[in-house]
1. Dividing the Cα convex hull volume of the range 228-308 by residue count, how many Å³ per residue is that?
2. Place a +1 charge on the Cβ of each Lys and Arg in the chain and a -1 charge on the Cβ of each Asp and Glu, then give the dipole magnitude about the Cα centre in debye, rounded to the nearest 20.
3. List the trypsin sites (Lys or Arg not before Pro) in the range 140-213 that DSSP assigns to loop (not H, G, I, E or B) and whose Cβ has at most 15 other Cβ atoms within 10 Å. Which are they?
4. Return the FRET efficiency for the residue pair Asp289, Lys198: r is the Cβ-Cβ distance, R0 is 22 Å, and the value is rounded to the nearest 0.05.
5. Are there any trypsin sites (Lys or Arg not before Pro) in the range 257-343 that are in a DSSP loop and have at most 12 other Cβ atoms within 10 Å? List them by number.
6. By a straight-distance test (C-alpha under 24 Å), which lysines pair with Lys112 as possible cross-link partners, with residues fewer than eight away in the same chain excluded?
7. I need the calculated FRET efficiency for the pair Ala47 and Asp170, taking r as the beta carbon distance and R₀ as 22 Å, to the nearest 0.05.
8. Which whole-percent values make up P(r) of the range 252-295 when all C-alpha to C-alpha distances are grouped in 10 Å steps starting at zero?
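All of the numbers you see were taken from the coordinates with simple rules; none came from a lab. Small disclaimer: the values here were computed from a predicted structure and weren't measured. Note: ideal-geometry Cβ built from the backbone for every residue, glycine included; neighbour counts use all protein chains shown.
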Amino acid sequence: MTQSHYAQAGVNIDAGNQAVNLMKDAIQRTYTPQVLSDTGNFGGLFALDEVLKLNAPVLVASTDGVGTKTKVASRLNRWNTIGQDLVNHCINDILVQGATPLFFMDYVATAKLDPVQISDVVKGIALACEQNGVALLGGETAEMPNVYHDGEIDVAGTIVGVVERGKLIDGKTIQAGDLIFSLPSSGLHTNGFSLARKVLEPLDWTTHHDSLGMSIGEALIAVHRPYLHEVNALKNANIGIKGLAHITGGGIIENLPRILPENTGAHITKNTWQVPPIFTLIQTIGQIDEAEMYRVFNMGLGMLIIVSPDDGERVTSTLKEAVQVGEIVIGERHVSLIGESAS
């Protein structure tokens, strides 16, 4: 069969159709009763019947990507996790304002479309959506020769959720004396990979590393953890969540101040939580000072929860893995790391 001129130019329509067929079942498993469209429609349709039952619904939306974690997937030739990273990251980003996610839309682009590779990415997206009750409403798979390097993939997505106006979490009631709890991260999540890859590039990523309890590759590719179920558990226990901070790019130093009111700061006490060994390895090999580590990486703190002292014990009784890592103080939206780090 003669290759089409479009295929000779670098775009294979048949490969795109094959990719859609491979991922179609996974996408349809995410459909909630509110989804009125089907795979392949020009636009995704989502009924607002349930949303309109709220007294004052507020839509919350966020767009993000997985950054250079795609380079880790490429080196390991493992494509079934970065889609999960993308969805879970976006869920957490709207969760901090109290939103329940409704639907997700993805964008996957590459220089040359490999149907199996692309379907693995989208199946990961669909899996995370299914696990969190989010509809994968639509998306785009783009083959763009000369825009992306051969073998490279770009992954991004948009999430839309809803929250009752009166239940928005905006940090306005945070005050000195409030307690800061943390839920642990699963590793780097989706931030800091440019530095991590530069430091760890010369090492073997495939064999077991004693200090990590796994290979370097496994530690780096670990899926970004979502916190939807944990936050819902706190809400169901009627615990007053004053603020939530998703620790992403910028680490604790940059992210926690984003939710603090004027004239408040935070003390984070080092050595109150377990820092995952991948961070220690990066710091040691790269000879990176502690201040930069805490500004680039989450250091094991995936989600921070701020509550009044009266709710402190109920946080730890509701979420066994939650640990108190600090408190709110009088200050100027600044995070201070106090105490000694674990040796």
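1. Numbers: hull volume 9.0 nm³, N = 81.
Here the figure is 112 Å³ per residue.
2. Working: 23 positive and 37 negative charges, 55 e Å.
Taking the Cα centre of the chain as origin, the dipole is about 260 debye.
3. Working: sites: Arg165, Lys167, Lys172, Arg197, Lys198; in loops: Lys172.
Answer by residue number: Lys172.
4. Efficiency for this residue pair is about 0.90.
5. Details: sites: Arg258, Lys270, Arg295, Arg314, Lys320, Arg333; in loops: Lys270, Lys320, Arg333.
Within the range 257-343, the qualifying trypsin sites (Lys or Arg not before Pro) (loop, at most 12 other Cβ atoms within 10 Å) are Lys320.
6. Lys24, Lys69, Lys71, Lys123
7. Working: r = 28 Å, r/R0 = 1.28.
In this case the efficiency is close to 0.20.
8. Going from the shortest bin to the longest, the percentages are 21, 46, 26, 7.
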